[in-house]
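Take a look at the structure set out below.
The values are calculated or read from the model by the stated rules, or taken from the named source; none is laboratory data. Note that the coordinates shown come from a computational prediction; the quantities given were computed from them, not determined experimentally. Using ideal geometry, Cβ is built from the backbone for each residue, glycine included, and neighbour counts are taken over all protein chains shown. What goes into the accessible areas is simple: the full protein's heavy atoms, side chains included, and nothing from ligands, DNA or RNA. Shrake-Rupley method; radii C 1.70, N 1.55, O 1.52, S 1.80 Å.
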Amino acid sequence: MGNVCVITGGGSGMGLEAAKILGKNSKIILVGRTVSKLDKALAELKTLGIDAQSFPCDAGDRESVKKLADYAAEQGTVKTVIHAAGISPHMADGEKIFAINAVGTINIDEEFAEIMGEGSCILNVSSMSAYMLPEANIPRQLYQLSLQSTEAFLAAANQMLSAVPEESRTGMAYTISKNFVVWFTSRMAVRYGKKGIRIVSI
């Protein structure tokens, strides 16, 4: 059935550009929340002779991600996941930004690591802003909650954001959620490295 590459945020930007490269050697599954963007991206890939299909999914919804992982596994051997889905400060409120950027990464990494095997790779896309957070301001206690309960982690994050002035909330949510992506990736790399899965961030 061949190797499969799953790309979240695949309807445009980095995700679509990655599909143009990886589509030369893998079946591509483009993932996103907006069907019209996915359809447009598929049409562009088709003109390049790339074998691609789409699967609508909200990375922030665990059940939606589980359905995606199950579907991808049915299409072949999932060798690569590029998790490029994410939203910026101008796109939503702080709570939504955190849910998609941070919780979305948890959902993608944990669900796909269950169906991927040795020699596969998950790439989580972070941001330069992740490295702009002062060391003293990194909420590591909050991050640790993600390893115990996603619900408790998100509730604590929302409580933290609600204490911040509204005009600063989206920027803070974005910076911390992208810093979390780097932190969480390192933990997942240790956990799933035992299965031969590389998990990295960029």
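For this structure, a couple of remarks:
- Taking segment 144-157 as the range and being in a helix (DSSP H, G or I) and within 20 Å of Ala85 (Cβ to Cβ) as the test, the residues that pass are Thr150, Phe153, Leu154, Ala157.
- Residue list for segment 104-117, restricted to those being open to solvent by less than 10 Å² (accessible area, probe 1.4 Å) and free of Cβ contacts under 8 Å to residues at least 60 places away in the same chain: Asn107
Conditions (1) in contact with a Ser or Thr (Cβ under 6 Å, 6 or more places away or on another chain); (2) of a type in the set (A, V, I, L, M), marked per residue:
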position: Ala18; (1), (2): no, yes
position: Leu38; (1), (2): yes, yes
position: Ala43; (1), (2): no, yes
position: Ala52; (1), (2): no, yes
position: Tyr71; (1), (2): no, no
position: Ser88; (1), (2): no, no
position: Ala102; (1), (2): yes, yes
position: Thr105; (1), (2): no, no
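- Per-region count, segment 60-74, residues open to solvent by less than 40 Å² (accessible area, probe 1.4 Å) and at pLDDT 95 or above: 5
- Here Tyr131 does not qualify as surrounded by 17 or more Cβ atoms within 10 Å (Cβ to Cβ), hydroxyl-bearing (Ser, Thr, Tyr) and assigned to a helix (DSSP H, G or I).
- Test: residue in segment 32-39 that is outside any helix (DSSP H, G or I), of a type outside the set (Gly, Ala, Ser), farther than 22 Å from Gly2 by Cα and out of contact with any Lys or Arg (no Cβ under 9 Å at 6 or more places or on another chain): yes
- Residue list for segment 163-202, restricted to those being open to solvent by less than 50 Å² (accessible area, probe 1.4 Å) and not in a helix (DSSP H, G or I): Val164, Gly196, Ile197, Ile199, Ser201
- Residue in segment 87-120 that is modelled with the lowest pLDDT, counting only those that are of a type in the set (Asp, Glu), assigned to a helix (DSSP H, G or I) and more than 14 Å from the chain's Cα centre (by Cα): Glu95
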